[in-house]
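The values are calculated or read from the model by the stated rules, or taken from the named source; none is laboratory data. Keep in mind that what you see is a predicted model, and the values were worked out from it rather than measured. A quick note on method: Cβ atoms are made from the backbone with ideal geometry, for glycine too, and the neighbour counts reach across all protein chains shown. SASA here: full protein model, heavy atoms, side chains in, ligands and nucleic acids out. Shrake-Rupley method; radii C 1.70, N 1.55, O 1.52, S 1.80 Å.
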Amino acid sequence: MIGDKKVLFSGMQATGNLTIGNYLGALSNWVKLSDEYECFYSVVDMHSITVRQDPAELRSRARKLLSLYIAAGLDPEKNCIYYQSHVSGHAELAWILNCFTYMGELSRMTQFKDKSSKHADNINAGLFTYPVLMAADILLYQADVVPVGIDQMQHLELTRDIAQRFNAIYGDVFTVPEPYIGKVGAKIMSLQDPSKKMSKSDENPNASVYLMDDPDTIMRKFKRAVTDSVGVVKHDEENQSGICNLIDIYSACTGMSVEAIETEFEGKGYGDFKTKVGESVVEKLRPLQEKMADLEKNKDYIDSVIKNNAEKAQYFSNKTLRKVQKKVGFPERIR
Ligand code: TYM
């Protein structure tokens, strides 16, 4: 708890172009929850270097991502929006938690298996211990809740296991966090292969809709979206995974229920439906894109957010870090 509020932590990697999956699965829930909780939203740039990055590009993407959090509707006066690399406690706690995490647990992580097969020439130790850094992010702020998409559930379960293991030895040090998975949009799939999740790193540009895509591009991508030969707009995951994904996207953008959507498109063809889905995404992204363009002009404002929030995050994270250091037996600092 901070004051009378429970704590929320979440983060995104500044790698690749963000997709509507990131937005509908995570960012839009962050905005919904932001009044209720004391929130920490991090641009997790330290996680990004588990895969080789161009330094200038990483810096620029990280700054854009931080601005995007604000453009999506998170007020940086009320929410702590900051770069992970500006708060030393993330790395310090990650080291300690590494000593409480088993190799076997980390070898089972599906993201590690995926990424190591994609980057076979660079299977570095950071890629392997990535989930421990993520656990440190969350536990450092004693987060009660962590809003994420379904793909991050396994990492969150590991975080809970690490916290419980540590608490069993040293007493109640960490809050054991709960995941928050939105009702709609928690797993947006590729538009070209609905058996795969929509991903920033997909090589096929038609597979993902990026948050900064212009309206024509968005409409074109939806028109090309893979469907099926059934010809009915129905939420049937097994036989109509493409249509099912489009229904989820439409539902997340309009707030309509699946049943209402099925009724709206009864007797209508896929062409009409795809156009409507595309339009709903264009409308959903419009305010975000406009605000981004404004923020890009406002360098001093973004700089002040970066500075003030890093100090705030450092302050809160230090409380947990000092406690943990004491518990494991590090000598006290002399003041
Ligand atoms: P990342 O950067 O891959 O994704 C950021 C968030 O977007 C969600 N997401 C999706 N949701 C629905 N459909 C999709 N197709 C889709 N693709 C991505 C992710 O679930 C995530 O919530 N390891 C994390 C970042 C991280 C983190 C943390 C998250 C680091 N530390 C602490 C929470 C708490 C990651 O790589 O997310």
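Residue 268 fails exactly one of the following numbered conditions: (1) open to solvent by 60 Å² or more (accessible area, probe 1.4 Å); (2) touching a His at 6+ places or on another chain (Cβ under 9 Å). What is the number of that condition?
Evaluating residue 268 over (1) open to solvent by 60 Å² or more (accessible area, probe 1.4 Å); (2) touching a His at 6+ places or on another chain (Cβ under 9 Å) leaves (2) as the failure.
Residues are listed down the side, and each one gets a yes or a no for (1) in a helix (DSSP H, G or I); (2) under 28 Å from the mean Cα position of the chain (by Cα):
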position: 233; (1), (2): no, no
position: 246; (1), (2): yes, yes
position: 250; (1), (2): yes, yes
position: 263; (1), (2): yes, no
position: 266; (1), (2): no, no
position: 276; (1), (2): yes, yes
position: 281; (1), (2): yes, yes
position: 285; (1), (2): yes, yes
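Yes or no, residue by residue, for (1) open to solvent by less than 10 Å² (accessible area, probe 1.4 Å); (2) at pLDDT below 95:
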position: 7; (1), (2): yes, no
position: 14; (1), (2): yes, yes
position: 25; (1), (2): yes, yes
position: 45; (1), (2): no, no
position: 79; (1), (2): yes, no
position: 82; (1), (2): yes, no
position: 89; (1), (2): yes, no
position: 92; (1), (2): no, no
position: 97; (1), (2): yes, no
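Kindly list the number of the only condition in (1) more than 16 Å from the ligand (Cβ to nearest atom); (2) within 25 Å of residue 293 (Cα to Cα); (3) surrounded by fewer than 21 Cβ atoms within 10 Å (Cβ to Cβ) that fails for residue 278.
Status for residue 278: all satisfied but (3).
Could you list, in sequence order, the residues of region 203-232 that are open to solvent by 10 Å² or more (accessible area, probe 1.4 Å), β-branched (Val, Ile, Thr) and either in contact (Cβ under 8 Å) with a residue 40 or more places away in the chain or under 26 Å from residue 118 (Cβ atoms) (or both)?
Selection gives 217, 226, 227.
Suppose we filter region 155-195 for residues that are open to solvent by 40 Å² or more (accessible area, probe 1.4 Å), aromatic (Phe, Trp, Tyr) and either within 11 Å of the ligand (Cβ to nearest atom) or outside any helix (DSSP H, G or I) (or both); how many remain?
Matching residues across region 155-195 total 1.
When you scan region 93-152 for helices (runs of 4 or more DSSP H) that lie fully inside it, which ones turn up with 1 or more residues that are within 15 Å of the ligand (Cβ to nearest atom) and over 27 Å from residue 196 (Cβ atoms)? Steps first, please.
Working: elements: 103-107, 110-118, 125-140.
Per the criteria, 125-140.
In region 1-37, which residues are assigned to a helix (DSSP H, G or I) and of a type outside the set (Phe, Trp, Tyr)?
Correct list: 20, 21, 22, 24, 25, 26, 27, 28, 29, 31, 32, 33.
Taking the stated definitions as given, is residue 39 within 21 Å of residue 159 (Cβ to Cβ), open to solvent by less than 30 Å² (accessible area, probe 1.4 Å), in contact with a Cys (Cβ under 8 Å, 6 or more places away or on another chain) and away from the ligand (no atom under 13 Å from the Cβ)?
No: the conditions fail for residue 39.
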